[in-house]
Amino acid sequence: MRFIQTIKNIWTIEELRKRLLITFMLVFVYRLGCYVVLPGIHPDDLDALANFTSGSGLMQLLDMFSGGAFSQASIFALGIMPYITASIVIQLLGMVLPSFQKMQREGESGRQKLNQYTRYLTVLILLLQGPAYLVNLQYQVNAAGGAATMGFWTIAYLTVILAAGSMFIMWLGERITDRGIGNGISFIILVGIIARLPQALYFEFVSRLPGSTGSEGGLVMFIVELVLLFAVTVGAVLLVQGTRKVPVQYAKRIVGNKQYGGARQYIPLKVNAAGVMPIIFAQAIMFIPITLAGFGSHENSIFVKFSDINGLAYNITYFILIVAFTYFYTAITVRPAQMAEDMKRNNGFIPGIKPGKKTVEYLDSIMSRITLPGSLFLGIVAVMPAFARLFGVSQNFAQFFGGTSLLILVGVVLDTLQQIESHLMMHHYDGLMKDGKIKGRTTGSAY
């Protein structure tokens, strides 16, 4: 079979084999650390924290990204999310501050400086999130009848442990990037998401068995859920890979007795150039009503209604924010003026379009047209878990029907397969696909 032959080819390439083994070893270390509970916390007292994370949309997302370490009060409980937050902040600063823009143009030295600033900011975020996590952990455990007493110094040294755990995860991600299969941070997020899938799939299957609670539809409904999950996944793949190619003709140049240029190339404009960033921004905004709802006393207050992740008001607002943030993030990351200037500098032009301002307007109009369907589909994918829960899918399994988790899973898997395929093609083996090549994300990051 072709699949077995491909596995043999992968194992034959010594460099690729070593990279895969190193990746698996580092992932094993990460998964092992997810089950190491913080000192002074009894594992039997963590049921309340698990119930808390399963009842809150954002908390459940954090728990998924950490591979369950968040709800298990592990030394890796804060996971990689503080680093992601710091990376987003540094990216935004690079769009508005001239000093950061200068570092972005300095090549490798500038990238190292930005990475250093990202690490510093990550530590600062960890020192703020650590105590907040520990105070909530103490409240949840005590509310469930457990005994968790944390004084100032206890919180201080546990915060150091949590910060060290997250920084260690960052180190594992960098090692996977340098010596493993690549995309280390994204791969760790992928592992955390996939780690929750078997358990969610098992409990959903059990709940559909005759005589179980929520068994409406039986196993037929479970099969329908799997078919819908496959369809949504295919749609996410198309969203990640979708591009619109703009032809660019390069004028001929004669230098001495040699002729250069004259070839036609294409600029691939992404249908979804913003990646999952709009979803992350929108989730951060929608977490505000959930926080404010805790200070209200009236159960029908507007904050309570907007804190219901299954409610109509929440999902409509969430959808609109995602569409708006998609346009916003695309506008600040895809710059038609810079693209037009680069084409002009290299004697290139779009056939039928005058160079300069007309080219900028043409590229801007194309981006506006292709961003609309991309933003709408991104919003639909983001609210799909709410529709899944509406039709009786369990909370944990519904998270895989869309949202950030599905898009990250699809994007990272495609990137990893593309890395493996490049190694196979470099050593004159057939790629993973019989026809064509695997296309990963050309811009952005996993998160």
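Taking segment 8-71 and the helices (runs of 4 or more DSSP H) fully enclosed by it, the elements with 2 or more residues that are surrounded by 20 or more Cβ atoms within 10 Å (Cβ to Cβ) and modelled with pLDDT of 85 or more are at 14-33.
Identify the residue in segment 318-351 that is touching a residue at least 60 places away in the same chain (Cβ under 8 Å) and of a type in the set (Phe, Trp, Tyr) and, among all such residues, is most open to solvent (accessible area, probe 1.4 Å). Talk me through it step by step, then tell me what you get.
Within segment 318-351, the subset touching a residue at least 60 places away in the same chain (Cβ under 8 Å) is 318-319, 322, 332-334, 339, 343, 346-351.
In the following step, the residues that additionally are of a type in the set (Phe, Trp, Tyr) were identified as 318-319, 349.
On the way: 318: 11, 319: 57, 349: 76 Å².
Out of the qualifying residues, it is 349.
If the condition is being modelled with pLDDT under 75 and under 21 Å from the mean Cα position of the chain (by Cα), then segment 412-447 contributes 438, 439, 440, 441, 442, 443, 444, 445, 446, 447. Only one of (1) part of a loop (DSSP other than H, G, I, E, B); (2) at pLDDT 80 or above is not met by residue 329, so which one is it? Condition not satisfied by residue 329: (1). Could you tell me which numbered condition residue 376 fails, if it satisfies all but one of (1) free of Cβ contacts under 8 Å to residues at least 12 places away in the same chain; (2) surrounded by fewer than 16 Cβ atoms within 10 Å (Cβ to Cβ); (3) assigned to a helix (DSSP H, G or I)? Every listed condition holds for residue 376 apart from (1). Among the residues of segment 216-232, just one is in contact with a helix residue (DSSP H, G or I) (Cβ under 8 Å, 6 or more places away or on another chain), within 16 Å of residue 410 (Cβ to Cβ) and open to solvent by 40 Å² or more (accessible area, probe 1.4 Å), namely 228. If only residues of segment 101-141 that are at negative phi and outside any helix (DSSP H, G or I) are counted, the one that is surrounded by the fewest Cβ atoms within 10 Å (Cβ to Cβ) is 105. Candidates in segment 379-398 are the residues that are free of Cβ contacts under 8 Å to residues at least 24 places away in the same chain and buried (at least 22 other Cβ atoms within 10 Å of the Cβ); of these, the one that is farthest from residue 327 (Cα to Cα) is 398.
The values are calculated or read from the model by the stated rules, or taken from the named source; none is laboratory data. Keep in mind it's a predicted model, so treat the numbers as computed, not measured. All Cβ positions, glycine included, derive from the backbone under ideal geometry; neighbour counts span all protein chains shown. The accessibility values were calculated without ligands, DNA or RNA, using every heavy atom of the protein model including side chains. Shrake-Rupley method; radii C 1.70, N 1.55, O 1.52, S 1.80 Å.
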